[in-house]
Every structure is written in C-alpha cells, then in structure tokens.
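So the structure is just underneath, and the comments pick up after that.
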Amino acid sequence: MTPDVSAILTRLREALPDAMAAHRRNPGPSGQDSLLVAPESLVAVCRFLRDDPALAFDLLTNLTGVDWPDPAKAEAVAVPVEETAAPACGFLETVYHLYSTTRREGPLVLRCRTADRAENVAIPSVVAVYRSAELQEREVYDLFGIVFTGHPDLRRILMWDEFTDHPMRKDYVAPDDYEYEPTPHDEVLEKAKRHYPAAP
Amino acid sequence: MIPDSAISFPPSPNANPALDDDQLLHVSLGPQHPSTHGVFRMNVVLDGETVVSLKPVFGYLHRNHEKIAEGSTYLSSMPFTDRLDYICPLTNNWAYAHAVEKLAGIEVPERAEYIRVITAELTRLINHTAFAGFFMGDMGAWGSALMYAFRERELILDLFEDLTGARMMSNFMRFGGCRNDLPDGWADRAKKYLATFPAFLDELEKFLIGNEILLARTQDIGALPAATLVNGGITGPMLRAAGVAYDLRKARPYGIYDRFKFRIPIGEKGDCYDRFMIRFLEMRESLAILNQALDQLPAGEYIHPKAKIRGFKAPAGEAYAAIEGPKGELGFHLISDGTFTPYRYRIRPPSFINLTLLEDMCLGLDLADVVLILGSVDIVLGEVDR
C-alpha cells in the first residue's frame, strides 16, 4: 500500500516543527509521491519516521543517487506541490525508499539534494538510523561522488581504490581503454636478449 | 523497532589500531577461493582461529550495468537482467518488467500473470536446491549433494528451454506480459515433473537434515537479532529464518499471489541451520503454489494486445517496484524523463544488501564458520557487482 505523503508530512511538521520537508508529486502513473527533505533535517526526519509508532518505517530498503545536471528535469519528475524557488544549478540527489514491515506500507520516497555538483556534494549519512545504508551509501559515493558525512567507513566499493572519477554522473566520459597499464616491455625484452644471446 | 544505541559498526580497517598487533594473521580470502561463490574477497583478520575483523571486497564483476541501461532503450535492458543473478534469470526479468509496468501504468493479462508465477516458483525451486548443494559444498561435502541438486535443476532447465528457448538466459518477460505462450503440452509436462519433486525433496532431506556434521557445524552459528536484520535491510529467507514473517508475496502483494493458498515458513533462531531449513520449507510452499497455478491456468492472452514492443516510451515520473526473488527483495527503481531510455535505472540487489551484516555475523567465530555464514547468505556475484 502506498502511503499518504501529505498526511505523513502533516504529522512530521507537528512533531518536528523545524524540519524542512516538502511534498513532491509524481507525475507518472505509479502514484509514488515523495518528500523532499533538506540535508540538515534528513537524519532527524528518518529517525522520526522510524520511531513514530503510527508510522514505523523500519526498513530502508533502497538508497540510491541521481545526477541532475539540468535542474528543470528534476523538477519535472518530482513536481513541487507548494510554491518553491526553483534550484539555480544542477545538483546530485539521493533517493530513499522506506517500508514498514509491521504496517505493511510503502514505499515512502525521500529525496535529498546537494547544493551543486562540484564543491558542495555532502549529504548526512543515515547509517546511524538505518544500518542498511552502509554499503549502499558507499556505492553512491563511489559511483556518483556524493560524500556522506558521518559514514563510519566511506570507501570505494565497486570501482578500484585508485580510480578517481564517478562513472554514474551524466557527464562522465569513459576512457578509450580501461585496461591500459604501462608495462616495462623494453626492460623485459632486453633481459631476454641477455638471457639467450644471439647465436654467433 | 530498534533504538539508535543498538546500531553499532565494526570499525573501519583504516582506523582500527587494534589490527596493527603483529600477533594477528591477515588473510585475504578470495577472490578465487572455491568457497567464495564467485569472485569475492574477504580481508579477514584472525587471532588464532578467531575472526576479529572481516571486510568484504567486491567489484571484480562490476560492469556498470546501470550506466549501460541508461543509454539503452527499456526493452534492450531485459536480456541484460538475465545476467544479474544468473541462477534465477526469470525472476530478474519479472522484477524489471514489473517496475516498467508500474512506471508506465501497463496492464498484464491474467494468463501472463499465471505464466509469470509458474516460472518464478520454478526458479525458486532451482535456486533453493542449488543453495542446498552449494551449502553442503561449503561444509566440505563437495560434489555429491550438489549433483543431486543439479540433477533436478537440469530437469527444470529443460522445461525452461522448451518455454523460452534458453536454459538460463531466458529474456522472457515483456512489458505487459510474456514473450511467448506456453508450448503445447508444456503445462502437462511441468505437472508430471512436479509430481516427482516431493520424492526428491524427501530424499534430499533424509540425507542432509539429520546429518550430524551439518547439525554440529550450523546450529547456533551466525545468528543476529531480528530487529538488527530488519534495520540492516536483510530480506528474503535470511530474514524469515530469524522469525520475521516478511515475504513480499504476502506483505506487498504483486501479480496474482493473493489467489493462492500458501504459508510463509519462519525460523526460530536465525542461525545457519534455520537458513538452511527455511529453504526446504519454502520449496514445499512453492510446490503448493505451482500445483494451484497449473490447475487454474486460464486461457487467454499471454501479452496485452496493446503492449508496445518497439518504440516504447514511459511517461515522465518514477517508480520503485520489487518482487520476492529467491534471495530476497529484488527491486528496480526507474526514473523516466519521457524519452526512449530510462533517466535513472537502479537495481535493488538482495545479494548485495544481504552482505551488509556479514562482518557482524562472523566476529568472534572461527574462520571455518565464515565460509558457512557466507554460504548461508546465498549470494551471486553477478548481482552483487552489477
């Protein structure tokens, strides 16, 4: 059963008057509306959604990132319900899908946006509330370059440690040859010559 | 519900001075170790035989499936989903088709729903029998149990070959139904085969379940509290073995599972023994579903007559949809900007997320138990690494 996002938002605002969250409508047929949460409120909102007995969203099932170089596209997929200022530049976004195993309700979709795509790419980690975020946040850090502040062990997970880019970004350009690695061919060939000197 | 204080993390290997003790033994287990179920590595730190730290390392099979799918049309990712969990391609196909149908609001005809349930439950039988064989292999009984399991798997793969043209890489589901109808006599052959399956299960259970080595090696190994598992995102047989009756077929009914009478087996202790047993019990329930589905199978369309195969576009929006895969919740999160390709294509892989608590389950146990615990999680690296 898909939860009633506006009712949850009302309840959230009663309990946490300082929390910055807004209802976003999904224009597609799935009917999965979302809550856009400001990064500074994210952990408190997650904790409330998990601990409030009437909501009890105890399972963070999916956590992922989205790259939006064009902010207008993001606004078209998560349409503002209340009047808000449109984002000025492209940004990175994390999306969370919460379920309640006891109330059999979900998915409640949370989204959280960074300020831009270059310098300010930090979002607070929710691992202290949902342990299931641990590997998934590492994956989003690895592939999108979102830095999760407060994550206990933020390392690359799928790409190798020496890799420097974030391949799921829309402007990522894959190198021609991933496999290229400088190898000392000449040294090896010289050594082989000395090993078996040419016949006189 | 679980308080924050109950959520703890094993420390990062980069910031754990305890691991600098030169009396400790650092073992890199894998990536070509036979018990790692594929190219998977664990950096294990041992004090004698006891595990003091365990960090999984993966990505060896990473091909950035999600990035490739974001540059392809919706349908051209369908054969690629076969390669996620290559033991169970038909459930992967269904999960993806289910998500696209939710994204675009597509109806599925009744007969197609039945075919989907039948193929998915047969896939569950394959997965769980293979699990039993591999798990015994992890315990040292390499070969015999697996061959019993693979004998049955071959017969089910024969059915799949008849139906989809391929034994493993099925590419069978379409948005709005299935690729083709059941061939003539297929349902009867499936029924005839399934009539022999309970005898196989009885035989395998007789061989394995009372086995003294199995009891000694698996009981009270690797258990965690149910609340920790839910918080860690663990789903599927791993979660149900710990006593949480959470099965997506009942908890978030999809397809036509509400028409069948079946039970959700749950375990009591959540140790490796319960995880092993729960799969046997689930196979019995899958058999019940299969028999009902094959009996009720209606005539009709196998794909919605208006389903669009070529030039398919989804309206702008997003959708998350998941099914109960044999290994846990297999979900797809799709964002469409109204074009021919998905703007965002995300797989929620049960194998990957079920590894979150691997270290917690292994700490303080012996290295030999690590191998069993990893086996009991039931991972496929094609899905972990994507």
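The number of residues in region B:266-299 that are open to solvent by 20 Å² or more (accessible area, probe 1.4 Å), within 26 Å of B:F135 (Cβ to Cβ), of a type outside the set (F, W, Y) and touching a residue at least 24 places away in the same chain (Cβ under 8 Å) comes to 7.
Of all positions in region B:351-358, at least one carries a residue that is more than 24 Å from B:G140 (Cβ to Cβ), open to solvent by less than 10 Å² (accessible area, probe 1.4 Å) and in contact with a strand residue (DSSP E or B) (Cβ under 8 Å, 6 or more places away or on another chain). Out of the residues in region A:156-168 that are in contact with a Phe, Trp or Tyr (Cβ under 8 Å, 6 or more places away or on another chain) and within 22 Å of B:L355 (Cα to Cα), which is nearest to the other protein chains (Cβ to nearest Cβ)? Filtering first and then ranking leaves A:L158. For region B:33-81, a residue qualifies if it is within 14 Å of chain A (Cβ to nearest Cβ), in contact (Cβ under 8 Å) with a residue 24 or more places away in the chain and in a helix (DSSP H, G or I), and the qualifying residues are B:H65, B:E66, B:A69, B:E70. Applying the condition of being acidic (D, E) and surrounded by fewer than 24 Cβ atoms within 10 Å (Cβ to Cβ) to region B:89-142 and asking which residue is farthest from B:G165 (Cα to Cα) yields B:D138. Inclusion of B:D184 among residues that are out of contact with any Leu (no Cβ under 8 Å at 6 or more places or on another chain), assigned to a helix (DSSP H, G or I) and open to solvent by 50 Å² or more (accessible area, probe 1.4 Å) is not warranted.
Looking at this structure, is A:P53 of a type outside the set (D, E), within 14 Å of chain B (Cβ to nearest Cβ) and surrounded by fewer than 22 Cβ atoms within 10 Å (Cβ to Cβ)? The answer is yes for A:P53. Restricting to region B:215-236, and then to whatever is part of a loop (DSSP other than H, G, I, E, B) and open to solvent by 10 Å² or more (accessible area, probe 1.4 Å), can you tell me which residue is farthest from the other protein chains (Cβ to nearest Cβ)? Out of the qualifying residues, it is B:Q219. Residue count for region A:56-71, restricted to those that are in contact with a Pro (Cβ under 9 Å, 6 or more places away or on another chain) and either in a strand (DSSP E or B) or surrounded by fewer than 23 Cβ atoms within 10 Å (Cβ to Cβ) (or both): 4.
Looking only at residues of region A:1-29 that are in contact with an Asp or Glu (Cβ under 7 Å, 6 or more places away or on another chain) and open to solvent by less than 30 Å² (accessible area, probe 1.4 Å), we find that the one that is farthest from A:L92 (Cα to Cα) is A:P3. State all residues of region A:162-186 that are modelled with pLDDT under 80 and open to solvent by 90 Å² or more (accessible area, probe 1.4 Å); if no residue qualifies, say none. A:E162, A:D176, A:Y178, A:E179, A:Y180, A:E181, A:P182, A:H185, A:D186, listed by residue number. Scanning region A:99-131 for residues that are in contact (Cβ under 8 Å) with a residue 60 or more places away in the chain, among the small types (G, A, S) and open to solvent by 30 Å² or more (accessible area, probe 1.4 Å) returns A:A122, A:A128.
Once region A:76-98 is narrowed to residues that are within 11 Å of chain B (Cβ to nearest Cβ) and modelled with pLDDT under 90, the residue that is most open to solvent (accessible area, probe 1.4 Å) is A:A76. Restricting the search to helices (runs of 4 or more DSSP H) fully inside region B:266-377 and requiring at least 2 residues that are within 14 Å of chain A (Cβ to nearest Cβ) gives B:350-353, B:358-362. A:E14 fulfils the conditions (1) within 20 Å of B:H333 (Cβ to Cβ); (2) without any contact (Cβ under 8 Å) to a residue 24 or more places away in the chain except for a single criterion, (1).
Only residues that are in contact (Cβ under 8 Å) with a residue 12 or more places away in the chain, open to solvent by 20 Å² or more (accessible area, probe 1.4 Å) and more than 17 Å from the chain's Cα centre (by Cα) were counted in region B:253-265, giving 4.
The values are calculated or read from the model by the stated rules, or taken from the named source; none is laboratory data. Everything numeric here is computed off the predicted structure, so don't read it as measured data. Cβ sites come from the backbone with ideal geometry, for glycine too, and all protein chains shown count toward neighbours. For accessibility, only protein heavy atoms count, side chains too; no ligands or nucleic acids. Shrake-Rupley method; radii C 1.70, N 1.55, O 1.52, S 1.80 Å.
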